[in-house]
1. What helices does chain D have that are whole DSSP H segments, at least 18 Å long along their own axis by Cα, and with mean Kyte-Doolittle hydropathy of -0.5 or more?
2. Measuring from label point to label point, each 7 Å out along Cα→Cβ, what is the D:I330 to A:S60 span in nm?
3. Give me the dipole magnitude in Debye, nearest 20, for the protein assembly as shown about the Cα centre, with unit charges on the beta carbon: positive for Lys and Arg, negative for Asp and Glu.
4. Need one number: nm distance between label points at D:R4 and A:S155, each 7 Å from Cα along Cα→Cβ, rounded to one decimal.
5. Between the alpha-carbon centers of segment C:101-121 and segment B:23-83, tell me the distance in whole angstrom.
6. How large is log10 I(q)/I(0) at q = 0.15, 0.28 Å⁻¹ when the Debye formula is applied to the Cα atoms of segment D:209-265, each weighted equally and without solvent?
7. What shape does segment D:3-242 take by its C-alpha gyration tensor, where a ≥ b ≥ c are the square roots of the eigenvalues and a/c under 1.5 counts as rounded, a/b above b/c as prolate, and the rest as oblate?
8. Tell me which aspartates and glutamates have Cα within less than 12 Å of B:K229's Cα, excluding those fewer than 8 residues away on the same chain?
Amino acid sequence: MSGNNSILQLDGLRKVFGGVVALDGLCLSVGENTITSVIGPNGAGKTTVFNLITGYLAPSSGAMIYKNTRLQGTKPHKIALLGIGRTFQNVRTFPDMTVLENVMVGRHARSRAGVTVSALLPAFLRPEEKRIQAEAGSWLDFVGLADAADMPAGSLPLGKQRMLEVARALAIEPDLLLLDEPASGLNSRETIAMGDLIHRIRENRITVMLVEHDMELVMEVSDRVAVMNFGRLVAEGTPREVQEDPEVIAAYLGE
Amino acid sequence: MEIGLTTDMLQFLFMGIQRGAIYAMVAMGFNMIYNATGIINFAQGEFVVLGGLMMVSMTMALNLSLVFAFMVSVAFVTVVGILMERLTINPVRRPTVLRLIIITIAVSILLKGAAMCFWGKGSHYMRHFTDAPPLEIMGAYILPQTLWIIGMLALVVIGYVAFFNYTMTGKCMRACAINRDAARLAGINDRRMVMLSFALSAAIGAIAGIIITPIIQMDYARGALLGLKGFGAAVVGGLGNSMGAVVAGLLLGIIEAGSGGYISSHYMDAIALVIMLGVLFVRPGGLFGSSEMVRLKEF
Amino acid sequence: MLRLVNVNSHYGLVRVLKNVSMHVGQGEIVTLIGANGAGKTTTLRTISGLHPVKAGRIYFQDRDITGWPAERLVELGIAHVPEGRQIFSPMSVNDNLELGGHLVYKHYGKKRLKSEIDQMLDLFPVLGQRRPQYAGTLSGGEQQMLAIAMALMSGPRMLLLDEPSMGLAPMIIRDIFARIARLQQERKLTVLLIEQNAKAALNISDRGYVMETGRILLEEEAGALLANPEVKRAYLGRDQREVWE
Amino acid sequence: MAARDIIGFCILIALVLVMPHAVGNDYYIGVLIFAAFNCLACIGLSLLMGYAGQISLGHGAFIAIGAYASGLLTTELGWSPWTAMAAGAFAAMGIAFIVGIPALRLKGHYLAMATLGFASIIHIVAVAATDITGGPAGVLNIPRLSLFGYRLDSDTRYYYFAWTAVVIGLYLAFNLIHSRVGRGLRAIHGSEDAAGAAGINTAAYKVQVFVVSAAYASVSGSLYAYYVNYIDPGPFDVMHSVLLVTMVAVGGLHHVWGAVVGAVLLSLLPEVLSFTAGYLQVIGIQYRPDYDILVYGGILLVIMLFLPEGLFAGMIAGGKSVWNLVKRVIRGKQVVRE
């Protein structure tokens, strides 16, 4: 695997919620162009890691370095502009907007029209609008939702909403994509499609970080697997190394 | 000169306590419903108005005795509170915050309209509870009605503390406010607790309206400002914290009276609101609460 | 005693339970294990009425209880100890117990409530020493005991326990499981248990179910389940040797 | 702009052109002019509430700012009405910016109360600052507007002018909605977290739309001042802010057209009620204008309880089901023929 250069470096990351330690000095390095999965029991702090990286929470201490930029203290939208995309554990599509518009929102970071211009000129007089639409359409194609472009996002079944969320995250042209349980709630056919999509994303030279409970999916797509428990890294390695790690088995099965 | 100043200050203090006690009670009403449901009831001010106007009719028109009129008025407003919950809050499944806000606003418009239709647009005079002359304390005068207000506030606070700490129902309500799911798992009917919170909140509002009416002369349109200032007290004291609301209410009343006396009486009404905005913007958790807790809650 | 027939349940759009069917017999201890996100907690919440049933039926002692609200189910004798020690932290231990016995108070009055609380304190002596303290100041293990005691206050016939060992030290975990086993014998309780700590739970159980992504995958005697290689599979996924070699 | 909206525009313009001839009475034209003022303010509020999902119970204050700026700058300083109107709009936008930054960090109930408090403060100041605003006596002799040398001194002229302003306001609003900015706002409404992850500066956007909606309200206030030529604090009390929210909510939060429908219907409501009063008298009910407020509250409550999407959505849904029924009838006939 090509994982020599790290794109994201977490160093001694600590997060305390009113006395409860959610993350306890987590150190983790994500290699460029790899798929790295983070697994662990509930409450191990996996989603907290994502929320820290993307600026929704501020770390109590520790450092996060993405391509030589420190991430702590940066607002979520700035982090998106830096090239980190993410999806959410509970799908957060914009239900009242069409599927295409959802992805067009993802192009927000890569376009510029402000309030004044937008208000004065109707859409068909703004070339940028056309470009946004075309680019959003191509990302819809990529995840296989082109047929549903004009449907309201809220009317899609869950599997497609998850795909839509991935398309929206891809539309910001990220270098690092964080997927938070992309397969939860999907049936096995949809899960396989999601695995396939994750592979194709990596082929586009996008680094993927994955939190997932579906172990089959994790073991199948990951280059590296990091196992967390009680806010710490318990084990890290290839899927096979991790599966045979006695500590990992202990974390999941109890003593 | 020195003495004159302190007398003035004392006078403003009395006036401030008198105003503040009302804000405190309105704030307690807000907190009661807020704790049980997370809703800010925009009709809270209308409960106060209804209580006052009802009392006016009972005593001045029907010549009932004070105690009896008091009980009838409070009971009437309590029923209004219960009806409001049963008819407008309880039936709404999957409510959004915006929808709940607008619903309580609609109820407040309705109550205000009803009050105008029944009692007209004029303000209503009511005689003071006791016919004694003002007491003089160190040169400052205090109305007997102010003593009534202070006494009533004390009673309400004592009743409140006793209810929530020593009765099963009170404890159940607190439990519902702390953790709705856990309360349901203990067999507590949370919907009934919500109804009860509206009833109690309406009752406290009515009491506030009844005791203030002899001083301010109630009219149908006072609800909005009373409600807003009461909300200010609730925010300054930390939303949901009723003892904080009492302290904050008195504080706001005293500051208001003081600034009315020393700065400008025209802007007096705005002072409490400016303080409320300041606290909301800087410390949304209130002066006595931690702001972190508020931000964690979803509104 | 408890029977679930093809129960489906949703969280927003996510279908969390997919045709879950299971049963718990009178006096049994049954454990539900599975990776996280498998839908175990939702199963319990659905049974106790905290979470709506989308399709399927639930029977308790042959009575159809589908769609009943939580507070009525408590009256029927189903007590649920939710995960994460859901106690009323800003209230005293004694108040917490009184609230747990809210129904006793409602039906039999204050005296009976007092005696019930005394009984409970005999059962959990630690809580007796802590009686006037705020529940939030108790240690994790004590809070869990309190949560269980509160559930027992309603005099249940069936106890649903959600991850009683979560975040506790191994010594305390052992103590809690020993207590659960004893309770079941002394009070003739039926217990349905969810655990991450599968070994400890299965050791005191009669039977176990394995859940994965909202489905019941497997049902077996507890002993057999402990020895089953499939259980390991349920946690760590299919062996992917062939892919990586 | 979607085809549906263009149809909507055509209908609106046609109605605007036809109405004066249909009513032919200066009093009713006056009512329609007031409806236009409310429309304008509600369009702005709808951008804020319906699209960005932020409530404001303080827009009456921005109307007041526009009205007072126009009134004072023209009478006291002799500015031209147009410059005064622009100054008022800028003032309102500036104040919205300053208030919006801290206020829009609040959510839901807190935001509602904060904006209500703000409106109340502005009203109190308008009453109390007698040196500047004239206090309860108000500002007199505000000049009329002129456009290209035409003095807008007849009601009919002002009617066309006011509704042209509404159409322009709608045009700008629709452009904004169907743009990158509008998508950003709707995304914030859908999920603030997801909008942030897509690179949208949610805090800045909320303030921006608050500022834009304040500008709408301010212009509406200026137009009001130039029409009635006299202002006092009375109409700008808290109740007016609440009434604006009522209009938007009754019409429907999810669409600008809802704001237009709600504003027009509720502006006409008092006239409709007094019109029906005659009939009510026949069946023995003595109707008084005092009851209007009850009817407002009742309508708002009923809509929120039974038609939370608002009248406009209800009309669309009703139209669709009628259309489906028609289609089924036609198709039914075809089946019979086959």
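The values are calculated or read from the model by the stated rules, or taken from the named source; none is laboratory data. Bear in mind the structure is a predicted one, so any value in this text is a computation, not a measurement. Cβ placement follows ideal geometry from the backbone for every residue including glycine, while neighbour counts extend to all protein chains displayed. The protein model used for the area step is the full one, side chains on, heavy atoms only, and it has no ligands, DNA or RNA in it. Shrake-Rupley method; radii C 1.70, N 1.55, O 1.52, S 1.80 Å.
1. Values: long enough: D:3-23 (30 Å, 1.97); D:26-46 (29 Å, 1.61); D:59-75 (24 Å, 1.10); D:81-103 (32 Å, 1.54); D:108-128 (30 Å, 1.58); D:155-177 (32 Å, 0.89); D:202-228 (39 Å, 0.90); D:238-251 (20 Å, 2.08); D:256-282 (39 Å, 1.55); D:292-306 (21 Å, 2.41); D:311-337 (39 Å, 0.39).
Helices meeting the span and hydropathy rule in chain D are D:3-23, D:26-46, D:59-75, D:81-103, D:108-128, D:155-177, D:202-228, D:238-251, D:256-282, D:292-306, D:311-337.
2. 6.8
3. Values: 91 positive and 84 negative charges, 276 e Å.
Rounded to the nearest 20 debye, it is 1320 debye.
4. With each label placed 7 Å out from Cα toward Cβ, I get 1.0 nm.
5. 35
6. At q = 0.15, 0.28 Å⁻¹ the computed log10 ratios are -0.51, -1.21.
7. Working: a/c = 2.09, a/b = 1.23, b/c = 1.70.
Verdict is oblate for segment D:3-242.
8. Within the straight-line limit of under 12 Å, B:K229 reaches these aspartates and glutamates: B:E256, B:D269.
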